[in-house]
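Have a look at the structure below, then the notes.
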Amino acid sequence: MFIIDAEDSLVLEANNHALRLFGYPKEEFLRLREADLMAPARDPGIGDGPGPAMNCRRKDGSTFPAETEVAGTSVGGRPVCVRSVRDVTYKKEAENRLLLNLAERKSCSGKSTTASRTTSSSSSACSPCSRTTSRTKPRRSRSRTRWTASR
């Protein structure tokens with residue numbers, strides 16, 4: 001979280017989490033403008049989160065997807081913005097893995113079941129699907145031994 005002057009966009013204060021997240025020492029961070037910390041979004045799905053989303057830029061030049069919240073207030077009559085930033089890199093990676101898995105399943109569902117039975121198991125296009133649709137363990141016998149008591 002950091003506080004920005006609403007008029008000239010200079011960073012006025014920052015907590016330790018923001019310093020670690022962006023990779024700056026406090027003295028250097030307090031000389032930055034808000035635009036120095038924000039990067040243009042290249043990911044078309046970057047705005048799909050619960051809050052306004054954008055890419056942020058670290059000191060080393062790397063970027064990360066972030067969800068942000070901004071609240072306006074005033075300190076001593078001076079208008080300021082309090083910005084909270086949450087790194088959502090892991091969330092975006094998990095979403096991408098899920099979408100990839102769904103795409104693989106859709107590509108497998110379009111193939112006929114007889115064709116998938118006759119193809120070799122080395123086919124990599126549908127290997128995730130074939131594992132979930134075919135039985136890998138033998139079925140347990142349903143027959144039970146019945147004991148009858150002799151009289």
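The values are calculated or read from the model by the stated rules, or taken from the named source; none is laboratory data. On a predicted model such as this, the values are computed, not experimentally measured, just so you know. Reconstructed Cβ throughout: ideal geometry from the backbone, glycine too, with neighbour counts over all protein chains shown.
Numbers at a glance
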| quantity | calculated |
| --- | --- |
| Residue identified as at pLDDT below 95 and either among the acidic types (Asp, Glu) or at negative phi (or both) among 77, 61, 47 | 47 |
| Condition met for residue 23 (modelled with pLDDT under 95 and either surrounded by 13 or more Cβ atoms within 10 Å (Cβ to Cβ) or in contact with a Phe, Trp or Tyr (Cβ under 7 Å, 6 or more places away or on another chain) (or both)) | no |
| Residues of the range 87-111 classified as of a type in the set (A, V, I, L, M, F, W, C) and closer than 21 Å to residue 17 by Cβ, total | 1 |
| Flag for residue 135 being at pLDDT below 55, in a loop (DSSP other than H, G, I, E, B), basic (Lys, Arg) and surrounded by fewer than 12 Cβ atoms within 10 Å (Cβ to Cβ) | yes |
